[in-house]
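Here the structure is laid out as structure tokens; the discussion comes afterwards.
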Amino acid sequence: DLAMYRAKSLGKGRFELYDPGMHELAASRLALENRLRRALHENEFVVHYQPIISLSEGGIVGVEALVRWRKSETELVYPDGFISVAEETGLILFLGMWVLREACSTMVRWHKEFPRTPELTVSINVSALQFAQNDFVQQVSKVLRETGIRPETVSLEITESVSMTNSEHTMTVLARLRALGVRISIDDFGTGYSSLAYLHRFQLDTLKIDRSFVAQLDDSKEGLHVVQSIMDLAQNLGLNVVAEGAENARHVAQLTAMGCEFAQGFYYSRPVEAGALSALLEEQGQQPNSIVA
Ligand code: C2E
Ligand code: MG
Ligand code: MG
Ligand code: MG
């Protein structure tokens with residue numbers, strides 16, 4: 001499969017095969033692939049957590065788990081720098097399950113330390129390749145069992161491209177995941193191709209409005225209309241809405257005025273290490289009705 005990977009990176013072996021630029025690219029990708037393999041082996045990945053806020057209550061109701069690569073003492077690599085290669089090489093299958101397990105066991109701890117009703121939720125990103133695995137549902141089930149997390153507090157985030165490519169398969173997998181008790185979110189909603197007909201038939205819980213739309217709240221009425229349309233759609237389908245990328249007080253005010261229930265963004269907190277998230281939860285426990293930012 002290494003040979004296959006090389007051929008693919010080289011553009012199916014046409015003239016590009018002899019293009020030194022392409023060769024360099026392929027070589028550096030291969031180096032990255034090997035380095036990522038080692039990183040997995042040597043436990044260099046870490047999960048950061050970003051709070052999800054209830055706009056009506058003004059507190060943390062859940063977190064999204066976001067993976068980072070602690071490449072060296074001074075280098076922290078963000079997903080942009082490794083997720084696509086991890087996907088192309090299949091490493092995402094291991095990495096994805098590791099993130100799921102890590103995030104679920106951390107949340108089990110937080111459920112004990114910071115009990116609330118309803119319980120804190122944990123959202124985990126699932127890549128298309130993971131979702132396409134025949135044993136994906138079994139793997140999720142195994143992690144739920146082994147960590148002992150209450151499945152209803154787990155939300156799996158899939159993108160529109162994952163959900164729409166093979167709708168029959170998707171529908172079956174989503175139904176089986178829902179049978180386990182976990183929730184399903186559509187991530188980056190509005191940036192891909194969703195068929196409304198399918199959205200209606202899928203068993204979903206949440207639409208996450210992509211941050212590009214929230215950013216447009218700053219400069220146009222159109223941005224406002226897009227966000228409002230997605231919220232109307234969600235309401236008609238009986239789904240929750242989380243607005244991603246709430247960066248300033250104006251975003252929050254506008255989202256709140258539009259009736260958006262949940263938000264996530266730098267205004268409240270960047271994704272932070274588990275310890276720092278604990279501190280935020282601790283602080284919130286002492287002042288139940290305060291904003292965390
Ligand atoms: P995502 O799932 O849409 O995650 C939200 C991204 O938006 C995160 O970037 C987060 O740091 C960023 N973000 C949150 N609030 C704000 C804000 O107010 N302003 C701005 N400018 N950005 C904000 P991050 O952590 O770099 O992750 C990027 C993407 O990488 C994620 O997008 C997700 O698609 C992918 N990813 C991250 N962790 C995993 C993982 O464990 N598995 C998989 N398959 N993909 C992951
Ligand atoms: Mg996400
Ligand atoms: Mg997103
Ligand atoms: Mg994304």
Criterion: of a type in the set (G, A, S), at pLDDT 95 or above, farther than 30 Å from E119 by Cα and in contact with a Leu (Cβ under 8 Å, 6 or more places away or on another chain) - qualifying residue of A39, A86, A26
A86
Single unsatisfied condition, G223 versus (1) of a type in the set (G, A, S); (2) more than 16 Å from ligand 1 (Cβ to nearest atom); (3) modelled with pLDDT under 95:
(2)
Within 14 Å of ligand 3 (Cβ to nearest atom), open to solvent by 40 Å² or more (accessible area, probe 1.4 Å), basic (K, R) and farther than 24 Å from M107 by Cα: is that true of R250 in this structure?
no
I'm trying to understand the selection: among the residues of segment 136-194, which are of a type in the set (D, E, K, R), under 17 Å from the mean Cα position of the chain (by Cα) and modelled with pLDDT under 90?
E160
Give me the pairs, please: first residue somewhere in segment 41-56 and closer than 12 Å to L277 by Cβ, second residue anywhere and in a helix (DSSP H, G or I), beta-carbon distance under 6 Å, and either six or more positions apart or on two chains.
V47/V99; V47/E102; V47/A103; Y49/L277
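Can you find, within segment 144-156, the residue that is nearest to F94 (Cα to Cα) among those that are crowded, with 20+ Cβ neighbours inside 10 Å and more than 16 Å from ligand 2 (Cβ to nearest atom)? Steps first, answer last, please.
Start the filter on segment 144-156 by keeping residues that are crowded, with 20+ Cβ neighbours inside 10 Å, which leaves 149, 153-156.
Pick out the ones that are also more than 16 Å from ligand 2 (Cβ to nearest atom) and you get 149, 153.
Working: I149: 20, T153: 22 Å.
Of everything passing the filter in segment 144-156, I149 is nearest to F94 (Cα to Cα).
What number of residues within segment 74-113 satisfy the criterion of being open to solvent by less than 60 Å² (accessible area, probe 1.4 Å), assigned to a loop (DSSP other than H, G, I, E, B) and under 18 Å from H48 (Cα atoms)?
Start the filter on segment 74-113 by keeping residues that are open to solvent by less than 60 Å² (accessible area, probe 1.4 Å), which leaves 76-77, 79, 81-86, 89-93, 95-97, 99-100, 103-108, 110-111.
From what's left, assigned to a loop (DSSP other than H, G, I, E, B): 82, 90.
Keeping just the survivors that are under 18 Å from H48 (Cα atoms) gives 82.
So the count comes out to 1.
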Restricting to segment 179-236, count the residues that are closer than 23 Å to V140 by Cα and within 16 Å of ligand 4 (Cβ to nearest atom).
8
Out of (1) in contact (Cβ under 8 Å) with a residue 60 or more places away in the chain; (2) crowded, with 19+ Cβ neighbours inside 10 Å; (3) touching a Leu at 6+ places or on another chain (Cβ under 7 Å), the one L277 does not meet is (3)
Residues that are assigned to a helix (DSSP H, G or I) and closer than 28 Å to Y268 by Cα: does segment 119-127 have at least one?
no
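The rows are residues; the columns are (1) at positive phi; (2) within 15 Å of ligand 3 (Cβ to nearest atom); (3) open to solvent by 40 Å² or more (accessible area, probe 1.4 Å).
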residue	(1), (2), (3)
I158	no, yes, no
S161	no, yes, yes
T170	no, no, no
A179	no, no, yes
R183	no, no, yes
T206	no, yes, no
H225	no, no, yes
Q228	no, no, yes
N240	no, yes, yes
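Let's see how each residue does on (1) in contact with a strand residue (DSSP E or B) (Cβ under 8 Å, 6 or more places away or on another chain); (2) within 16 Å of ligand 4 (Cβ to nearest atom):
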site: L55; (1), (2): yes, no
site: V61; (1), (2): yes, no
site: L66; (1), (2): yes, yes
site: E88; (1), (2): no, no
Report, ordered by the first and then the second residue, all pairs with beta carbons closer than 9 Å, sequence separation of six or more or different chains, a first member in segment 137-162 that is basic (K, R), and a second member that is away from ligand 1 (no atom under 16 Å from the Cβ).
R150/V108; R150/H111; R150/E119; R150/L144; R150/G181
Would a scan of segment 29-36 turn up a residue that is under 12 Å from L95 (Cα atoms), more than 16 Å from ligand 3 (Cβ to nearest atom), at pLDDT 95 or above and open to solvent by less than 50 Å² (accessible area, probe 1.4 Å)?
yes
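Any residue in segment 254-263 that is in contact with a Cys (Cβ under 9 Å, 6 or more places away or on another chain) and away from ligand 3 (no atom under 16 Å from the Cβ)?
Yes, segment 254-263 contains at least one residue that is in contact with a Cys (Cβ under 9 Å, 6 or more places away or on another chain) and away from ligand 3 (no atom under 16 Å from the Cβ).
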Listed by first then second residue, the pairs whose first member lies in segment 196-225 and is more than 21 Å from N125 (Cα to Cα), whose partner is away from ligand 3 (no atom under 16 Å from the Cβ) and among the basic types (K, R), with beta carbons under 8 Å and at least 6 positions apart or on separate chains, are L217/R250; D218/R250
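The values are calculated or read from the model by the stated rules, or taken from the named source; none is laboratory data. Predicted model, so just to flag it, every value in this text is computed and none were measured. Neighbour counts are summed over all protein chains in view; Cβ atoms, including those assigned to glycine, are modelled from backbone coordinates with ideal geometry. Heavy atoms of the whole protein, side chains included, go into the accessibility calculation; ligands, DNA and RNA do not. Shrake-Rupley method; radii C 1.70, N 1.55, O 1.52, S 1.80 Å.
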